[in-house]
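What follows is a short report on a single structure.
The values are calculated or read from the model by the stated rules, or taken from the named source; none is laboratory data. These numbers were taken from a predicted model, which means no experiment stands behind them. Cβ coordinates were reconstructed from backbone atoms using ideal geometry, including for glycine residues, and neighbour counts include every protein chain displayed.
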Amino acid sequence: MVSSYFSDARRLLCPLSLWAKRCPNSGEMTPVGGKRVKKGILERLNSGEVVIGDGSFVFTLEKRGYVKAGLWTPEAAVEYPEAVRQLHMEYLRAGSNVMQTFTFFAGKDNLESKWKDVNEAACDLAREVTEKGDALVAGGISQTSLYKNQKNKLEIKEIFQQQLEVFTRKNVDFLIAEYFEYCEEAVWAVEVLKESGKPVAATMCIGPEGDMHNLTPGECAVRLVKAGASIVGVNCHFDPTISLKTVKLMKEGLEAARLKAHLMTQPLAYHTPDCGKQGFIDLPEFPFGLEPRVATRWDIQKYAREAYNLGVRYIGGCCGFEPYHIRAIAEELAPERGFLPEASEKHGSWGSGLSMHTKPWIRARARREYWESLPLASGRPYCPSMTKPDAWGVTKGTTELMQQKEATTDQQLNELFHKQKFKSSIA
């Protein structure tokens, strides 16, 4: 890691809104006439710039009371636009260069008649915030509820096409196909998005073992690039350490196939060394008991540096990533980017602000060495450090994965409770 950001302390104190105007790497150009034009995503990545993504939306907004767990759908873009706007703003201040539209699980298969209004509102909110800083709007689609039910390719592509039509009309800057467990469906998504003529990124929620059809990460990356993705990587389901192992395998697969693409990673902010092939959704703590696993800001600085050293230039986060985690990425990579985010005005490098504390033992913690070497305690004396993943073994086409239009009945729930007890007894 880099021990200090700048030799000129004035740069550390200067907010992004001022410093970025003078910084040659700020991501903006000033053409004749004086109006600034933002550089596109590929223009930035092709020039070697670091692009910082945003973080968690569905998990963070669920905690704040605006998203319902289990459904994880983004009606809040219409119902509580101020909450979505505020979270976008927090990520912008923290250093994000990309505002992803809050359109996770926002296809017609999940939102039915509400899908269009939600997608349109999400685009408008993201664009509104990007105009306040150096950020781009990314229109995002994710896996459908239909693929696991073995519905046909045309029906699934139609769902992607519907969202794409909104993104095109709203003129998003680029497109992301994210959170795909199956490479085949991700390829279908890329094929649809590529029709827009806009740059396409594609990330899968897989670990080193590959997708749910047992395709390796390297093969997944190759197929996505051949389908038209210019940026490939992983998001969600796994922690930064595991995710970077997966991205490394993707990189090796692309190199072996002599294909070129930019690398992207947006992992969880939860430690998941004990998870199974499906990541944190297999852990007994998912989704309401994950807080003891949250990564520290220092963990995320380490992740940012390791991602950069691996060659990843699009670095962000997914579930569990809060604005302070994104700020940690921006601060760690400030030497490469040439500036600090606005939110760093209230945050000293490696706890330097603690030097003003009234207690001497707290002042003694105002140094990097302390925080890098501290063995963290959970404060939970009767809890294990790891747990055993649920291994239900469900795959594409399994009845339990079928999308339901009605609420689960008491009888269906009791059957699941019984099955869970049985599996726990033989584990």
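Would you check if there is a residue in the range 222-229 being closer than 20 Å to LYS277 by Cα and either in contact with a strand residue (DSSP E or B) (Cβ under 7 Å, 6 or more places away or on another chain) or of a type in the set (Phe, Trp, Tyr) (or both)? Can you show your working first?
Residues of the range 222-229 that are closer than 20 Å to LYS277 by Cα, as a first pass: none.
Among the residues of the range 222-229, not one is closer than 20 Å to LYS277 by Cα and either in contact with a strand residue (DSSP E or B) (Cβ under 7 Å, 6 or more places away or on another chain) or of a type in the set (Phe, Trp, Tyr) (or both), which makes the answer no.
Pull out all pairs, ordered by first then second residue, where Cβ-Cβ is under 7 Å, the residues are six or more apart or on different chains, the first lies in the range 319-347 and is among the hydrophobic types (A, V, I, L, M, F, W, C), and the second is part of a loop (DSSP other than H, G, I, E, B) and at pLDDT below 95.
Listed by first residue and then by second, the contacts come to ALA334/TYR5; PHE339/CYS23; PHE339/SER26; LEU340/TYR5.
For the structure I just gave you, tell me whether ASP124 is assigned to a loop (DSSP other than H, G, I, E, B) and out of contact with any Pro (no Cβ under 6 Å at 6 or more places or on another chain).
So ASP124 does not fit the description; no.
Somewhere in the range 77-85, is a residue surrounded by 22 or more Cβ atoms within 10 Å (Cβ to Cβ), touching a helix residue (DSSP H, G or I) at 6+ places or on another chain (Cβ under 6 Å) and either part of a loop (DSSP other than H, G, I, E, B) or among the β-branched types (Val, Ile, Thr) (or both)? Explain how you work it out, then say what you get.
To start, the set of residues in the range 77-85 that are surrounded by 22 or more Cβ atoms within 10 Å (Cβ to Cβ) comprises 77, 84.
If we keep only those that are touching a helix residue (DSSP H, G or I) at 6+ places or on another chain (Cβ under 6 Å) too, we end up with 77, 84.
Next, from what is left, pick out any that are either part of a loop (DSSP other than H, G, I, E, B) or among the β-branched types (Val, Ile, Thr) (or both): 84.
Scanning the range 77-85 turns up at least one residue that is surrounded by 22 or more Cβ atoms within 10 Å (Cβ to Cβ), touching a helix residue (DSSP H, G or I) at 6+ places or on another chain (Cβ under 6 Å) and either part of a loop (DSSP other than H, G, I, E, B) or among the β-branched types (Val, Ile, Thr) (or both).
Going through GLU191, GLU165 one at a time, which residue ends up being farther than 17 Å from SER145 by Cα, surrounded by fewer than 23 Cβ atoms within 10 Å (Cβ to Cβ), touching a Gly at 6+ places or on another chain (Cβ under 7 Å) and of a type in the set (Asp, Glu)?
Selected residue: GLU191, the only one of GLU191, GLU165 that is farther than 17 Å from SER145 by Cα, surrounded by fewer than 23 Cβ atoms within 10 Å (Cβ to Cβ), touching a Gly at 6+ places or on another chain (Cβ under 7 Å) and of a type in the set (Asp, Glu).
What pairs come up if the first residue lies in the range 296-315 and is within 17 Å of SER47 (Cα to Cα), the second is surrounded by fewer than 23 Cβ atoms within 10 Å (Cβ to Cβ) and among the acidic types (Asp, Glu), and their beta carbons are under 9 Å apart, counting only those six or more places apart or on different chains?
Cβ pairs passing all conditions: TYR308/GLU336; VAL312/GLU306; ARG313/GLU49.
For the range 183-205, which residues satisfy the criterion of being in a loop (DSSP other than H, G, I, E, B) and touching a helix residue (DSSP H, G or I) at 6+ places or on another chain (Cβ under 6 Å)?
If the condition is that a residue be in a loop (DSSP other than H, G, I, E, B) and touching a helix residue (DSSP H, G or I) at 6+ places or on another chain (Cβ under 6 Å), then SER196, PRO199 are the ones that fit.
Only one of (1) surrounded by 18 or more Cβ atoms within 10 Å (Cβ to Cβ); (2) under 15 Å from GLN301 (Cα atoms) is not met by ARG367, so which one is it?
(1)
Go through PHE321, PHE339 for me and flag whichever is among the aromatic types (Phe, Trp, Tyr), modelled with pLDDT of 95 or more and in contact with a helix residue (DSSP H, G or I) (Cβ under 6 Å, 6 or more places away or on another chain).
So the residue among PHE321, PHE339 that is among the aromatic types (Phe, Trp, Tyr), modelled with pLDDT of 95 or more and in contact with a helix residue (DSSP H, G or I) (Cβ under 6 Å, 6 or more places away or on another chain) is PHE339.
Just to be sure before I move on: is ARG380 more than 29 Å from ALA135 (Cβ to Cβ), in contact (Cβ under 8 Å) with a residue 12 or more places away in the chain and touching a Phe, Trp or Tyr at 6+ places or on another chain (Cβ under 7 Å) in the structure I sent?
For ARG380, the condition - more than 29 Å from ALA135 (Cβ to Cβ), in contact (Cβ under 8 Å) with a residue 12 or more places away in the chain and touching a Phe, Trp or Tyr at 6+ places or on another chain (Cβ under 7 Å) - is not met.
For the subset of the range 210-228 comprising residues that are more than 20 Å from the chain's Cα centre (by Cα) and of a type in the set (D, E, K, R), which member is surrounded by the fewest Cβ atoms within 10 Å (Cβ to Cβ)?
LYS226
Would you please name the residue that is surrounded by the fewest Cβ atoms within 10 Å (Cβ to Cβ), looking only at residues in the range 43-71 that are free of Cβ contacts under 8 Å to residues at least 60 places away in the same chain and under 15 Å from the mean Cα position of the chain (by Cα)?
Among those residues, the one meeting the criterion is LEU61.
Among the listed residues PHE174, PHE180, identify the single one that is crowded, with 23+ Cβ neighbours inside 10 Å, modelled with pLDDT of 95 or more and either in contact with a Cys (Cβ under 7 Å, 6 or more places away or on another chain) or closer than 29 Å to THR216 by Cα (or both). Full working, then the answer.
Working: PHE174 fails: crowded, with 23+ Cβ neighbours inside 10 Å.
Exactly one of PHE174, PHE180 is crowded, with 23+ Cβ neighbours inside 10 Å, modelled with pLDDT of 95 or more and either in contact with a Cys (Cβ under 7 Å, 6 or more places away or on another chain) or closer than 29 Å to THR216 by Cα (or both), namely PHE180.
For LYS405, are the conditions met, namely being over 30 Å from LYS260 (Cα atoms) and at pLDDT below 90?
Taking the combined requirement at face value, the residue satisfies it.
For the range 161-181, check the following and say yes or no: at least one residue is without any contact (Cβ under 8 Å) to a residue 60 or more places away in the chain, in contact with a strand residue (DSSP E or B) (Cβ under 6 Å, 6 or more places away or on another chain), assigned to a strand (DSSP E or B) and among the aromatic types (Phe, Trp, Tyr).
First, the residues of the range 161-181 that are without any contact (Cβ under 8 Å) to a residue 60 or more places away in the chain: 161-162, 164-166, 168-171, 175, 177, 180.
Narrowing further to those that are in contact with a strand residue (DSSP E or B) (Cβ under 6 Å, 6 or more places away or on another chain): 175, 177, 180.
Keeping just the survivors that are assigned to a strand (DSSP E or B) gives 175, 177, 180.
Cutting the leftovers down to among the aromatic types (Phe, Trp, Tyr) gives us 180.
Within the range 161-181, one or more residues are without any contact (Cβ under 8 Å) to a residue 60 or more places away in the chain, in contact with a strand residue (DSSP E or B) (Cβ under 6 Å, 6 or more places away or on another chain), assigned to a strand (DSSP E or B) and among the aromatic types (Phe, Trp, Tyr).
Which residue pairs have Cβ atoms closer than 8 Å, lie 6 or more positions apart in sequence or on different chains, and pair a first residue in the range 147-158 that is free of Cβ contacts under 8 Å to residues at least 24 places away in the same chain and under 15 Å from GLY107 (Cα atoms) with a second residue that is aliphatic (A, V, I, L, M) and not in a helix (DSSP H, G or I)?
Correct list of pairs: GLU155/LEU146.
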